[in-house]
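Structure record follows, encoded as structure tokens.
The values are calculated or read from the model by the stated rules, or taken from the named source; none is laboratory data. Bear in mind the structure is a predicted one, so any value in this text is a computation, not a measurement. Note that each Cβ is placed from the backbone with ideal geometry, even for glycine, and that neighbours are counted across all protein chains shown.
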Amino acid sequence: MKNFLRRQDGKKVRKLWTAAEQGSIDDVIRLARLPGNIDMTDANDGNRTALHKASKYGHESIVQALLHLGVKDMNLQDQNGSTALHLACRWGHARTVQVLVQAPGVDPNLQ
């Protein structure tokens, strides 16, 4: 079942996705700490989360921050069946892959 945006958090979540995609660690941390916590597993209509976006673009420091800030489902699959780990592998981000593989709960065997 896909995890869609909740209206009240929509703007904050979209800003989080943008910050994760663009590699802005300060913005990711600031947004995550705002009152009215953002659910780190909120996904867009492609079922991609901030973790998917940071992983796809190889932002390993943001991946680490998101994991530390409480991403609950590191194995969430997007509409194409890709996890954050799959995206990091596909785009050749070895350091991001290493961060994800070492994170408790990440399933490197998920297909």
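Odds and ends about this structure:
- Hits in region 37-64 - residues which are surrounded by fewer than 22 Cβ atoms within 10 Å (Cβ to Cβ) and either modelled with pLDDT of 95 or more or in contact with a strand residue (DSSP E or B) (Cβ under 6 Å, 6 or more places away or on another chain) (or both): LYS56, TYR57, GLY58, GLU60, SER61, GLN64
- Long-range neighbours under 6 Å by Cβ, at least six apart or interchain, first residue within 15 Å of HIS52 (Cα to Cα) and part of a helix (DSSP H, G or I) within region 97-111, second at pLDDT below 95 and not hydroxyl-bearing (Ser, Thr, Tyr): LEU100/VAL106; VAL101/PRO108
- Region 43-54, residues that are under 13 Å from GLN77 (Cα atoms) and of a type outside the set (Asp, Glu): ALA43, ASN44, GLY46, ASN47, ARG48, THR49, ALA50, LEU51, HIS52, LYS53
Yes or no, residue by residue, for (1) hydrophobic (A, V, I, L, M, F, W, C); (2) in a helix (DSSP H, G or I); (3) farther than 20 Å from VAL97 by Cβ:
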| site | (1), (2), (3) |
| --- | --- |
| GLU21 | no, yes, no |
| LEU31 | yes, yes, yes |
| LEU34 | yes, no, yes |
| ALA43 | yes, no, yes |
| LYS53 | no, yes, no |
| VAL63 | yes, yes, no |
| HIS68 | no, yes, no |
| VAL71 | yes, no, no |
| GLN79 | no, no, yes |
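- Residues of region 1-19 satisfying the condition of being in a helix (DSSP H, G or I), modelled with pLDDT under 75 and not charged (D, E, K, R): GLN8, GLY10
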